[in-house]
1. With the crude spin-label approximation of a point 7 Å out along Cα→Cβ, what separation in nm comes out for ILE508 versus ARG278?
2. For the range 97-174, compute Rh as the Kirkwood radius over C-alpha pairs and then the Stokes-Einstein diffusion coefficient at 4 °C and 1.567 mPa s; write the answer in µm²/s, rounded to an integer.
3. Students sometimes get this wrong: rank HIS477, HIS362 by accessible area, probe 1.4 Å, all chains present, largest first.
4. Could you order ARG372, ARG57 by accessible surface area, starting with the largest, using a probe radius of 1.4 Å?
5. How about the range 140-237: which GluC sites (Glu not before Pro) there lie in a loop by DSSP and see at most 16 other Cβ atoms within 10 Å?
6. Once the whole set of protein chains is in place, how much accessible area is left on TRP161, using a 1.4 Å probe, in Å² to the nearest 10?
7. Using a ≥ b ≥ c from the Cα gyration tensor of the range 219-273 (square roots of the eigenvalues), is it rounded, prolate or oblate, where a/c under 1.5 gives rounded and otherwise the larger of a/b and b/c decides, a/b for prolate?
8. Using mean Cβ contacts within 10 Å as the protection proxy, how do 322-329, 83-90 order, highest first?
Amino acid sequence: MSEKISRLEEGAKEPYYNETGILAGEKHEEYDPTCMPQHSAEPETTMQGTKRGLSARHIQMISLGGAIGTGLFLSSGQNIATAGPAGALIAYCVIGFMVYCIMTCLGEMATFLPVSGSFNHYATRFIDPSLGFALGWNYWFSWAVTIATELSAAATIINWWQPVMSDAAWSAIFLVLIIAINMVGVRIYGELEYWFALIKILIVLVFIIIAICVSTGGLGGEVIGFKYWNDPGAFVGGGEGTISVLLTAGFSFQGTEIVGITAGEAKNPTKTVPRAIRNTFWRIVFFYIVTIFLLGITLPSTNPDLLNNDESAGTAAFTLVFKLAGIEAGAHVINAIILTSVLSAANSALYTCSRTLLGLGHDGNAPAFLSRTNRYGSPWVAVLISSIVGFCCVFASIYSASAAFNWFLSITAVSGFISWWGIAFVHLRFRRAYVHQGRRVEDLPYRAFIYPYSAIFACVLCILIILGQGYTAFTPHFDGVLFVTNYIGIVPAIVCYVVYKLIRRTRIVPLDEVDFDTGRVTRMDMERDEAEEGKVPWYKKIFNFIA
């Protein structure tokens, strides 16, 4: 480690000249690809006014909570009904592996350059400002609409028990709460996400124990085993059913990349971010693969309640397993857990929106005033703008504008996959430029899994999903309206890229001019993180390993 730190520091001090005789990182006078100074920046500059208030346990739980959302609780049963237990399991394994590949790509960049803005900033810096502009605004709009969907869902969930107030009133109350949380600094956000994630983890652990007992006959009075894999069968709908779940399973995983957004506000990113990324694989296996497997052996794919068309907790797959175990209060428990998941998702959505706007403003891809922060380190202007847009979408969904809101959802349906594609694509360019400038890959604080195959696999699969998610418009006959609805989400990103390209006349950043120094980790950063790691008590190290 000490040798790596020494080489890292020497690389920061010694100038590197490329084959043309130009100092690496030096800009031509007519070209400013990133609108940022090409020299080492002060910490407060690279942090863009934010504060490093997220500790190791916050980062661990945020990465955990990002992988466990309402999709796992409400949509998992639908996927089993669509593809069968084996088909759904295969789909989740494929998507889970892709997500892990994407997370390692993001982890390599976020650990080396832990700045706010994450992959949108990296796209501006390593490839083309137009790509950073398109990815950034695509990502921001996706999460702005997510604020609306989660707030609307929270009101519906509460009304499942007993209608007390209108949906708009509940949405307004929850919005005020999450605005207050995001205004007073990242530590409060991290603390709340820690407890929200802990609740979700505990309910999944309880479910796994109960599902094993139900399958083995310990609860419910019947040994199930693999009975439902034989009758009605392991697959439903053949390959088409599995592919269909392959598309929908991806939406359940979206949000795992938030841990990369938090790198700019992590206390010791060279340690906490790699640990969170490395553990992503085991979290995907444990919380998704094991859960889908157990649901598939305890519930037949022909169970009509698996479809959960009304997305009610009373017919959620988790609730059905609890009922098999004789736990009648399971619906109320799951509904409460889903409420915490929705509020956590809304809180994370506003956090992600504000940090994305912060990065866009700092890169020159949005008005500069959006990057203003208050004394707590919160980008308060970005928080307000994002919350206003999100709440406007809420009212569009509540007050007889469901058609317009459905278009918003259609536009953002594939935006998560576009962002994932962007992470993998930018990482390919990052590593290529890094090696081209004569830097040692071994000096990176964290390296991606089986590069370049992981990034290539993620890029190709994301493109296939983006193009294939609207296949229903072509069968059994072509449906023009459905075609537009399914593929309208690709248009905004392309339009943003082309329009920005034409107006600003940007060009691809040459490999020699890619800036690897502004905001990079230094010897002091790595030594400080090593020292802090050494001060952690043994019992916390064990907890971190398990978590």
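The values are calculated or read from the model by the stated rules, or taken from the named source; none is laboratory data. Bear in mind the structure is a predicted one, so any value in this text is a computation, not a measurement. Virtual Cβ from ideal backbone geometry, glycine too; neighbours counted across all protein chains shown. All accessible areas refer to the heavy atoms of the entire protein, side chains included, with ligands and DNA or RNA removed. Shrake-Rupley method; radii C 1.70, N 1.55, O 1.52, S 1.80 Å.
1. Here the modelled spin labels are 3.5 nm apart.
2. D, rounded to a whole number, is 85 µm²/s.
3. HIS477, HIS362
4. Listed by decreasing accessible area, they come as ARG372, ARG57.
5. Counting only loop positions with at most 16 other Cβ atoms within 10 Å, the GluC sites (Glu not before Pro) in the range 140-237 are GLU222.
6. Around 110 Å² of this residue is reachable by solvent.
7. Oblate, because a/c is 1.5 or more while a/b does not exceed b/c.
8. Highest-to-lowest ranking by the protection proxy: 83-90, 322-329.
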